[in-house]
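To start, the structure itself, in structure tokens.
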Amino acid sequence: MLVVISPAKRLDWSEQNVGVTQPEFADDAMRLAKTAKNLTLRDLRKLMDLSPDLARLNRDRFRAFSDAPDPFDLRPAALAFAGDTYVGLHAASLDRDELNWAQDHLRILSGLYGLLRPLDAIQPYRLEMGSRLKTRRGASLYDYWRDQLARALNAQAAALGTDTLLNCASNEYFTAANTKALKLRVVSPVFLEDRDGERKIVSFFAKKARGAMARFVIQHRLTDADGIRDFDSGGYAYDTEASAPDAPVFVRPYQGPATS
């Protein structure tokens, strides 16, 4: 079973003493970075709705982006991203065997890099998949990636001998994989919070739960989607009646307001 998650806007560039690997779509990342490098501060602010300071930071990142980066400027993807999903994943606490297993079974969808393994080396960047960055392939990153990501996921699943993809990514990122081109069974868990009988998705907790679900799969070496029903991190429990085969539902009681 392959698992996919989204990247994060926030990065953790603290030193990581872990070996890195080469991303499959490194050449595409370089092309996209060169395109983004030509954007003005105003363009970057509009493209990703950034503050002036963040626009400058990311302009400088794209200007520094290199096809031969200094190894000191690289970090393994699963340890470099630092958003809510990665709080749940907590990749830094996985042992070496778990990281090696994750390298084969976990994938991170990325606007810039397309598809990343946990230990794939990335340079600092921010480029959301929903960004309308114009390239020769079209007016957005969805146009740029087209069905490349689906083909890659199909091939990697075939190499593992699985026909199942556990989707723990956001809609923004997962739709970039062109689900019509996927030849896999897609299982997308739903994480709900129950407050006095009213159930709803709370974004902060759902993002964290997606990462925790990926961690659960890694630590239990799950190869069958039915195994995720035992997931109970963060107070979640599988709800048999509310679930469908490809949309398992996990519910937790209200535990107070979300705080990041």
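Scanning the range 104-131 for residues that are of a type in the set (Lys, Arg) and within 29 Å of Leu222 (Cβ to Cβ) gives Arg107, Arg117.
Rundown of residues vs (1) over 22 Å from the mean Cα position of the chain (by Cα); (2) in contact (Cβ under 8 Å) with a residue 12 or more places away in the chain, yes/no style:
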{"site": "Lys200", "(1), (2)": "yes, no"}
{"site": "Lys208", "(1), (2)": "no, yes"}
{"site": "Arg221", "(1), (2)": "no, yes"}
{"site": "Gly235", "(1), (2)": "yes, yes"}
{"site": "Tyr254", "(1), (2)": "yes, yes"}
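Yes or no, residue by residue, for (1) basic (Lys, Arg); (2) in contact with a strand residue (DSSP E or B) (Cβ under 6 Å, 6 or more places away or on another chain); (3) modelled with pLDDT of 95 or more:
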position: Phe65; (1), (2), (3): no, no, yes
position: Pro76; (1), (2), (3): no, no, yes
position: Asp84; (1), (2), (3): no, no, yes
position: His90; (1), (2), (3): no, no, yes
position: Leu112; (1), (2), (3): no, no, yes
position: Pro118; (1), (2), (3): no, yes, yes
position: Lys134; (1), (2), (3): yes, no, yes
position: Ala155; (1), (2), (3): no, no, yes
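When the range 132-178 is filtered for residues that are crowded, with 21+ Cβ neighbours inside 10 Å and assigned to a loop (DSSP other than H, G, I, E, B), the ones remaining, listed by number, are Leu133, Ala169. From the list Ala225, Ala209, the lone residue that is closer than 27 Å to Leu141 by Cβ, in contact with a strand residue (DSSP E or B) (Cβ under 9 Å, 6 or more places away or on another chain) and of a type in the set (A, V, I, L, M, F, W, C) is Ala209. Pairs meeting the criteria (first residue in the range 167-183 and within 12 Å of Ser110 (Cα to Cα) and touching a residue at least 12 places away in the same chain (Cβ under 8 Å), second residue among the small types (Gly, Ala, Ser) and crowded, with 19+ Cβ neighbours inside 10 Å, beta carbons under 6 Å, at least 6 apart or on different chains) are Ala169/Ser6; Ser170/Ser6; Tyr173/Ser6; Ala177/Ala150.
The values are calculated or read from the model by the stated rules, or taken from the named source; none is laboratory data. Only a predicted model underlies this, so the values are computations on that prediction, with no experimental measurement involved. Counting neighbours? That spans all protein chains shown, and the Cβs are built from the backbone with ideal geometry, glycine included.
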